[in-house]
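This report concerns only the one structure given below.
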Amino acid sequence: MSTKLKIGLFGFGCVGSGLYEVLNQSKLLNASIEKIVVKDLTKKRSIPASNFSYDPASILDDPTINLVVELIDDAEAAHEIVTTAIRKGKNVISANKKLIAEHLAELLMLKDQYGVSFLYEAAVCASIPVIRNLEEYYNNDSLTGIEGICNGTSNYILTRLNNELKSLPVGNQAFELILEDAKKAGFAETDPTLDIDGFDSKYKLQILILHTFGLKTIPEDVLNLGIRHIKTADVLFAQEKGLKLRLVSFARKIEGKVVAFVAPLFVKEDSFAYDINYEFNSVSIEAHFSDKQVFIGKGAGSFPTASAVLSDISALQYDYKYEYKKLFNSTSDLAQDFDIKVFVSAENLAALAKIKLMEVEEEFTSLKYAYKVGRINISQLTHNFYRNNPDLFLAFYGESEIKLQISNELNH
Ligand SMILES: NC(=O)c1ccc[n+]([C@@H]2O[C@H](COP(=O)([O-])OP(=O)(O)OC[C@H]3O[C@@H](n4cnc5c(N)ncnc54)[C@H](OP(=O)(O)O)[C@@H]3O)[C@@H](O)[C@H]2O)c1
């Protein structure tokens, strides 16, 4: 028997209003939106004002509401809403990857303590059904790797840089120009930091790591390097070698450890990422016996994201909960010490000279642009790398170029 779900909805923006429509069109669900809480009293709404409240307590203190759907764009306020709802014994659905990635341990502890369900399929690549697949289909320890193109804005920029290289202004100006286009088209935020610096991709990767390898991480555990400093010469370098640059969320078991990062990656024609273009997202899952499966879909947008929320609502009708089997059986931890082949470039030659690489295998210097290719230890790359090195662009080579420092790992 399905449970009648009485929904308290927080947020009526892109995703919240999409959910309202999608839910209205879904005749099979035994669920109804009872109340909607938003923030801005002055905003014009597409449905009558009588549907809205501005007081979170109108949902949180209502004992008849058994499901809170949190679709707001403020991770701190979302934390308050979600934790309060759980403490009041309500099931919760959220699409907020930042909230989940930053408070993973607390949220898992709370939902167990209060015996409720906390679902978040929409938080990772929106319409791509990856979390429940990792939980249900890949519910054993045979997974060896997961990689994703998890941020549409960065992928849109990288695709256009690659496809329109000859007609774009040179240097980093091309990136700036395409970023402005993405803002005008409405899919890059006014402050695009989370997208282009790889934070958004990292939050999603943290959730994927939890459901793939059973590892709880905090944002500081996973390196994220973005694409802010990419120049047309970097894209040309890739093209001349038959490669493309893609911002990849990467997590893979290597010699028993999980190597994880978000970084621009050179991808070959046989990579899942090579043909993922513009704002599309993709996730590639690798397992011992089933080899590789690739999901492709829309990682953002009103209806695609709402459809993932709808799927969670549907699952909740039958009291679905994530079981986190891998969390309890996990035998691996994150690799802290590995080195990897990298490409580093700059227009400021002095800035590049400061970066010391091992086993340099290629170097190029002209008056206005230089690069080198060699190996670097991950410990030299921190989240502040670009803040401290504003003239550099850095990209990683793939899995075959990662070497774990086993002896040092054992000392950790
Ligand atoms: N957009 C996508 O394609 C997409 C894809 C995947 C995941 N997500 C996630 O989905 C969530 C919502 O994104 P969105 O794009 O729908 O955002 P949005 O269009 O900016 O809408 C945000 C909504 O949240 C409301 N809000 C903000 N702070 C609030 C508060 N303290 N209390 C109550 N309501 C509050 C706003 O109220 P007002 O209307 O009064 O301003 C607005 O209705 C975010 O976590 C986002 O990361 C979005």
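The values are calculated or read from the model by the stated rules, or taken from the named source; none is laboratory data. For clarity, every value in this text was computed on a predicted model and none was experimentally measured. Cβ placement follows ideal geometry from the backbone for every residue including glycine, while neighbour counts extend to all protein chains displayed. What goes into the accessible areas is simple: the full protein's heavy atoms, side chains included, and nothing from ligands, DNA or RNA. Shrake-Rupley method; radii C 1.70, N 1.55, O 1.52, S 1.80 Å.
Some observations on this one:
- Total formal charge among the other residues, if their Cβ is under 14 angstrom from that of residue 124, Lys/Arg +1 and Asp/Glu -1: +1
- Calculated [222 nm] ellipticity per residue, helices only, for the chain: -9000 deg cm²/dmol; basis is -39500 (n - 2.57) per DSSP H run with n ≥ 4, divided by all residues, nearest 500.
- Contour minus Cα-Cα distance for residue 383 and residue 41 (0.36 nm per residue): 119.3 nm
- Pairs of Lys residues in segment 5-119 are counted when their Cα atoms are under 23 angstrom apart and they lie 8 or more places apart or on different chains; the count is 23.
- Angle between the chain longest axis and helix 152-163 axis [Cα atoms, degrees, rounded to 10]: 40
- Its residue count N sets the reference 2.2 N^0.38 Å, and the alpha-carbon radius of gyration of segment 31-187 equals 1.34 times that reference.
- Globularity ratio of segment 134-180, using Cα Rg and 2.2 N^0.38 Å: 1.83
- Kirkwood-type radius of segment 114-255, with distances r between different C-alpha atoms, in Å: 16.7
- Span from the segment 313-351 Cα centroid across to the segment 184-211 one, whole angstrom: 14
- Check: segment 61-164 dipole with +1 on Lys, Arg Cβ and -1 on Asp, Glu Cβ, in debye: 120
- Accessible area per residue in Å² at 1.4 Å probe, computed on the chain: 44
- Principal-axis tilt of helix 14-25 within the chain, Cα atoms, nearest 10 degrees: 50
- Oblate is the label for segment 174-286. Its Cα gyration tensor axes, ordered a ≥ b ≥ c, give a/c of at least 1.5 and b/c at or above a/b.
- Check: segment 5-119 dipole with +1 on Lys, Arg Cβ and -1 on Asp, Glu Cβ, in debye: 360
- Entry for segment 207-258 at q = 0.23, 0.28, 0.31 Å⁻¹: log10 I(q)/I(0) = -0.91, -1.12, -1.28, Debye formula applied to identical alpha-carbon scatterers, no solvent contribution.
- In straight-distance terms, cross-link reach from residue 325 covers every one of the aspartates and glutamates whose alpha-carbon lies under 15 Å from its own, apart from those fewer than eight places away in the same chain; here that gives 112, 135, 136, 141.
- Degrees, to the nearest 10: 104-113 long Cα axis against longest axis of the chain: 20
- Taken about its Cα centre, the chain carries a charge dipole of roughly 540 debye when the Cβ of each Lys and Arg holds +1 and the Cβ of each Asp and Glu holds -1.
- Eligible aspartates and glutamates near residue 231 by straight Cα distance, threshold 12 Å, same-chain separation 8 or greater: 176, 347, 391
- Carbon/sulfur fraction of accessible area - segment 5-119, other protein chains in place, 1.4 Å, %: 51
- The Cα-based radius of gyration and maximum Cα-Cα distance (Dmax) for the chain are 22.2, 72 Å.
- Computed over all pairs of different Cα atoms, the Kirkwood value for the hydrodynamic radius of segment 5-119 is 14.4 Å.
- Gyration tensor (alpha-carbon) shape descriptor, segment 300-411, a/c threshold 1.5: oblate
- Convex hull volume per residue in cubic angstrom - Cα atoms of segment 263-305: 103
- Within straight-line reach of residue 4, meaning a Cα separation under 17 Å, sit the following aspartates and glutamates at least 8 residues removed in sequence or on another chain: 34, 62, 312, 319.
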